[in-house]
Amino acid sequence: MIEILPPLLDALSYILVLILVALGLMIVFGMMGVINMAHGELFMVGAYVMVVCQSLGLPFLVGVLFSGILVGLLGLLIEAALIRHIYTRTLDTILATWGLSIALKQGIVLIFGPEAQSVISPLSDTVSLGEFSYPLYRLLLMGASIALIGLTFWLFLKTDFGLTARAVIARPDTAATLGINTRSLYRRSFVIGTTLAGIAGALVAPLISVDPQMGLGYLIPGFLSILVGGAGPLAGVLAGGAAVGGTNSLLTVWISPVAAQIAVFIMAILVIRLRPEGLLGGRRGK
Amino acid sequence: MLEISNLNAGYGEVTVLRNFSCRIETGQVTALMGRNGMGKTTLMKSIMGLIPVKSGTIHLNGIQINGKETYKISRAGIGYVPQGREVFEQFTVAENLRLAALGSSLSNLDRLPQIHDWFPILKERHDQKAGTFSGGQQQVLAIARALMTGPEILLLDEPTEGIQPNIVHEISLQLARIARETGLTILVVEQNVDMVRTMADHILFMENGQLADQCSAEELRSDETLIHRYLSI
């Protein structure tokens, strides 16, 4: 029984990082109708900021902080220069942010080269789980991810900012007639979404190879999580992230990663076919 | 005072309002009547900046508001109760009202006791989700929510649509009381003649996107010709 624990923990840490990425995507999509194809690259930039911070000898925590702040500022710039011109034009946002993702990737290649970079884990200790030992950093990553997910839920469900944000998601025009500056709210939410991606990239950097293609590995499962989860903009991401991340991560234990990804796609197609509104959305009425 | 001059507005290439002009006097309850499709809702949406104005001007107390963003028009002092109420169904009554204060000014939360006095049901059910309310109760909430923004002028778009007659009468009496007590200016789009008779001081009639006629409440009571002509009833 105990031998199943390490892969379960690995799956949990993957699920939690995936939820962080998908939450950022969902906030931006749910509120503004923007499908941000560059979200994976913002995640990647977060990891590269961590690479730079570590090469400068800065503490890991400072690196995480800088990643969040710099990617958040990059999000602000992207919103002001690009996204605000194409709100509500969903198809245009796909093209524009796809172009942006290519530009960001090539920018990273120009600065760092195409080869992978590595980030040293700040904690090399392990924790004993019976006869197995498990890296302490992975447990820390899970704790940090849970805290960030909890913070995001608190922000959107329990604060005045969250109340206005949910109102704008539900009825943007009505919210505006009550004096709510929807544009400003869009901008702040976009920055929150990108900041989450940056922090997730920095946190996961010690566990994966940091390269210009790394964003894609989280972007596609992130979108799948939103599709599979459905329903409420936040709760659906939890269900979708758990289903997509859990299936992918656990299957990788027994079958090849490519076969696991195919299985995840089949699972996603089945869920969307049988429950078009997603796992939490129920069946579409006849 | 709300002054609309030579307003042209519509949707895309379609022009609905054609050189519409009118004055809504401060402290008066003005009713705007007309058959479906004459441009009443388009006028309301144009005032709120929800659809673009092609030409003409809208002034509130001498300040031009057309061309401004909707939230700025709201903060300039125009409260809006949209057609179909559009309350936030997933939010509680308290959250719906708080939202209006967050949009306008947090100091408007001080208006809550007054709102509860006018509409006691909102105090009794302040933790109840708006989606569980009946149509009439949702309308009361939508009106209260607009009043929470502390408006100088309140726009109501067909507040009686789909509501039981006894509730319609209650809402009319309450709005008339609020206007009398606070001096609030009201512009109400309405096809319900009883409601207009109960609360309006002045009546405008709209036809094909233009102001076709107007009369006082007394004139409406003594002569129903205008009602027959412009509402076909």
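Considered as a group, the residues in the range B:1-47 that are part of a strand (DSSP E or B) and of a type in the set (D, E, K, R) include one that is nearest to B:Ser74 (Cα to Cα), and that residue is B:Glu3. Would you confirm whether or not the range A:269-280 contains a residue that is in contact with a helix residue (DSSP H, G or I) (Cβ under 7 Å, 6 or more places away or on another chain), not aromatic (Phe, Trp, Tyr) and not in a loop (DSSP other than H, G, I, E, B)? Yes, the range A:269-280 has at least one match. The listed residues are A:Thr164, A:Thr93, A:Thr88, and the only one of them that is exposed (fewer than 13 other Cβ atoms within 10 Å of the Cβ) and either at pLDDT below 90 or hydroxyl-bearing (Ser, Thr, Tyr) (or both) turns out to be A:Thr88. Of all residues in the range A:146-193, those that are at the interface with chain B (Cβ under 9 Å from one of its Cβ atoms), within 22 Å of B:Gly84 (Cα to Cα) and either touching a residue at least 60 places away in the same chain (Cβ under 8 Å) or in a helix (DSSP H, G or I) (or both) total 11.
This table checks each residue for (1) more than 30 Å from B:Asn36 (Cα to Cα); (2) more than 14 Å from chain A (Cβ to nearest Cβ).
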{"site": "B:Arg125", "(1), (2)": "yes, yes"}
{"site": "B:Phe133", "(1), (2)": "no, yes"}
{"site": "B:Ile143", "(1), (2)": "no, no"}
{"site": "B:Pro151", "(1), (2)": "no, no"}
{"site": "B:Ser172", "(1), (2)": "no, yes"}
{"site": "B:Ile186", "(1), (2)": "no, yes"}
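Just so you know, in the range B:57-66 the residues that are in a loop (DSSP other than H, G, I, E, B) and not β-branched (Val, Ile, Thr) include one that is farthest from B:Ile24 (Cα to Cα), and it is B:Asn66. The condition (being surrounded by 15 or more Cβ atoms within 10 Å (Cβ to Cβ), more than 26 Å from B:Val53 (Cα to Cα) and modelled with pLDDT under 95) is satisfied by just one residue among B:Met148, B:Met199: B:Met199. On inspection, A:Ile199 fails the criterion of being within 14 Å of another protein chain (Cβ to nearest Cβ) and at negative phi.
Taken over the range A:106-120, the residue count meeting the criterion of being surrounded by 12 or more Cβ atoms within 10 Å (Cβ to Cβ), among the hydrophobic types (A, V, I, L, M, F, W, C) and closer than 20 Å to A:Ala38 by Cα is 4. When the residues of the range B:46-65 are filtered to those that are surrounded by 16 or more Cβ atoms within 10 Å (Cβ to Cβ) and in contact (Cβ under 8 Å) with a residue 40 or more places away in the chain, which remaining residue is farthest from the other protein chains (Cβ to nearest Cβ)? Only one residue fits best here, namely B:Gly56.
Conditions (1) without any contact (Cβ under 8 Å) to a residue 60 or more places away in the chain; (2) not hydrophobic (A, V, I, L, M, F, W, C), marked per residue:
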site: B:Lys129; (1), (2): yes, yes
site: B:Gly136; (1), (2): yes, yes
site: B:Met148; (1), (2): yes, no
site: B:Glu152; (1), (2): no, yes
site: B:Leu156; (1), (2): no, no
site: B:Thr160; (1), (2): yes, yes
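Of everything in the range B:169-194 that's part of a helix (DSSP H, G or I) and among the β-branched types (Val, Ile, Thr), which residue is modelled with the lowest pLDDT? Step by step, filter the range B:169-194, then rank; the result is B:Val193.
For the subset of the range B:35-45 comprising residues that are away from chain A (no Cβ under 14 Å) and of a type in the set (Lys, Arg), which member is nearest to B:Ile227 (Cα to Cα)? Result: B:Arg35. On the given criteria, is A:Leu123 surrounded by fewer than 18 Cβ atoms within 10 Å (Cβ to Cβ), aliphatic (A, V, I, L, M) and within 21 Å of the chain's Cα centre (by Cα)? The answer is no for A:Leu123. Select from the range A:87-134 the residues that are assigned to a loop (DSSP other than H, G, I, E, B), of a type outside the set (Gly, Ala, Ser) and under 24 Å from A:Cys53 (Cβ atoms) and list them in ascending order. Correct list: A:Pro114, A:Glu115, A:Val119, A:Ile120, A:Pro122, A:Leu123, A:Asp125.
Quick one: in the range B:67-84, which of the residues that are part of a loop (DSSP other than H, G, I, E, B) and more than 7 Å from every other protein chain (Cβ to nearest Cβ) is nearest to B:Val29 (Cα to Cα)?
Going through the range B:67-84, the residues part of a loop (DSSP other than H, G, I, E, B) turn out to be B:67-69, B:76-77, B:82-84.
Restricting the remaining residues to those that are more than 7 Å from every other protein chain (Cβ to nearest Cβ) gives B:67-69, B:76-77, B:83-84.
Values: B:Gly67: 26, B:Lys68: 25, B:Glu69: 26, B:Ala76: 19, B:Gly77: 16, B:Gln83: 18, B:Gly84: 21 Å.
Step by step, filter the range B:67-84, then rank; the result is B:Gly77.
The values are calculated or read from the model by the stated rules, or taken from the named source; none is laboratory data. Model, not experiment: these values are computed from the prediction. Virtual Cβ from ideal backbone geometry, glycine too; neighbours counted across all protein chains shown.
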